[in-house]
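K.L.:
First the structure, then my questions, so here it is.
The values are calculated or read from the model by the stated rules, or taken from the named source; none is laboratory data. Computed from a predicted model, the values in this text were never measured in an experiment. FYI the Cβ positions are ideal-geometry reconstructions off the backbone, even for glycines, and counts take in every protein chain you see. Calculation scope for accessible area: heavy atoms of the full protein, side chains included, ligands and nucleic acids excluded. Shrake-Rupley method; radii C 1.70, N 1.55, O 1.52, S 1.80 Å.
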Amino acid sequence: MKSLMIQGTSSGAGKTTLVAALCRIFSDKGYSVAPFKSQNMSNFGYITPTFEISRAQAIQAIGARCKITPDLNPILLKPIGNYNSIVYLNGKRYKKMHAKDYYEKFVNTKGFNIASRSLKILQKNFDLVILEGAGSPAEINLQKFDIANMRIAEKAKASVLLVSDIDKGGSFASIVGTMALIEKKYQQLVKGFIFNKFRGDIDVLKPGFQKLRKFTTVPVVGTVPLISIDLPEEDSLHVKPKDITWNKKNLLKIDNELNRLAKTVKSNIDIKSIERMLK
């Protein structure tokens with residue numbers, strides 16, 4: 001049983017697509033792989049007659065070539081406005097909850113226990129579980145309620161890769177700031193940085209990589225270029241939810257895009273270094 005976790009310096013950093021790519025890369029290397037996100041807030045669901053989870057984890061499962069089950073996303077929050085969400089637990093609708101009640105009365109007790117149980121099942125049944133964080137682990141106003149980042153990484157005994165969207169600018173400051181704001185006991189879990197959505201001459205970045213290692217002692221393990229990916233949207237940040245027909249034609253299209261994504265990621269990150277983190 002091995003675990004790897006992708007966390008981000010912000011929402012939209014590319015965690016979801018990077019996990020999908022790594023699932024395919026390690027599946028191609030012969031690992032039995034499963035994705036996992038303990039808590040996902042999204043109105044983009046993967047719906048079956050018996051359960052509903054986030055669509056993002058379903059697509060990651062296609063990348064991993066594993067069965068899509070509720071354990072991949074044990075807590076799904078579907079926002080409905082005014083700080084309320086419909087909460088799904090293990091794929092089943094639980095109830096509507098206000099954010100205050102969710103954080104103060106639920107997340108650190110029942111929520112964390114449910115997430116931990118699903119994680120344990122996946123770790124028992126797969127060679128490698130690739131976890132996805134949510135938002136940023138450095139939201140210091142919410143850290144005591146955060147069961148989607150460092151606490152679950154610690155529970156999984158996972159090495160963490162921290163990814164930042166360099167296309168938006170400020171990645172070096174975002175990485176250093178994130179490392180400074182997470183608790184010291186969690187800083188040691190971070191084993192590498194990935195710059196995502198890069199366009200330009202990588203040689204221009206390299207002096208920054210050296211300075212970044214001096215500040216943090218953590219190496220950069222990859223710089224992934226900005227590419228156009230034709231995969232269903234991962235969440236409702238920028239677009240309205242759009243249904244997908246999970247038929248053979250669309251599944252083949254998703255599979256082909258995952259292969260293309262994995263090829264790009266594999267050629268731009270240090271897979272051997274990441275494999276060493278798993279030992």
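K.L.:
Here is a list: S116, S164. Which entry is assigned to a strand (DSSP E or B), open to solvent by less than 30 Å² (accessible area, probe 1.4 Å) and not aliphatic (A, V, I, L, M)?
P.N.:
Numbers: S116 fails: assigned to a strand (DSSP E or B).
Going through S116, S164 in turn, just one is assigned to a strand (DSSP E or B), open to solvent by less than 30 Å² (accessible area, probe 1.4 Å) and not aliphatic (A, V, I, L, M): S164.
K.L.:
Moving to a separate point now. Give me the residue from the stretch 136-148 that is touching an Asp or Glu at 6+ places or on another chain (Cβ under 9 Å) and either surrounded by fewer than 20 Cβ atoms within 10 Å (Cβ to Cβ) or touching a residue at least 60 places away in the same chain (Cβ under 8 Å) (or both) and, out of that set, nearest to S116 (Cα to Cα). I'd like the intermediate steps shown before the answer.
P.N.:
We begin by selecting, within the stretch 136-148, every residue touching an Asp or Glu at 6+ places or on another chain (Cβ under 9 Å); these are 137, 139, 143, 145-146, 148.
Of the ones still in play, those that are also either surrounded by fewer than 20 Cβ atoms within 10 Å (Cβ to Cβ) or touching a residue at least 60 places away in the same chain (Cβ under 8 Å) (or both) are 137, 139, 143, 145, 148.
Working: P137: 18, E139: 21, Q143: 17, F145: 15, A148: 11 Å.
So, considering only residues that are touching an Asp or Glu at 6+ places or on another chain (Cβ under 9 Å) and either surrounded by fewer than 20 Cβ atoms within 10 Å (Cβ to Cβ) or touching a residue at least 60 places away in the same chain (Cβ under 8 Å) (or both), the one nearest to S116 (Cα to Cα) is A148.
K.L.:
Considering only residues that are more than 12 Å from L131 (Cβ to Cβ), open to solvent by less than 10 Å² (accessible area, probe 1.4 Å) and part of a loop (DSSP other than H, G, I, E, B), which ones fall in the stretch 36-73?
P.N.:
Answer for the stretch 36-73, where residues must be more than 12 Å from L131 (Cβ to Cβ), open to solvent by less than 10 Å² (accessible area, probe 1.4 Å) and part of a loop (DSSP other than H, G, I, E, B): S42, F44.
K.L.:
Tally up the residues in the stretch 226-279 that are open to solvent by less than 60 Å² (accessible area, probe 1.4 Å), among the hydroxyl-bearing types (S, T, Y) and modelled with pLDDT under 95, please.
P.N.:
Number of matching residues: 1.
K.L.:
I need the full set of residues from the stretch 178-210 which are under 24 Å from I152 (Cβ atoms) and either at pLDDT below 95 or open to solvent by 30 Å² or more (accessible area, probe 1.4 Å) (or both), in order please.
P.N.:
A180, L181, E183, K184, K185, Q187, Q188, L189, K191
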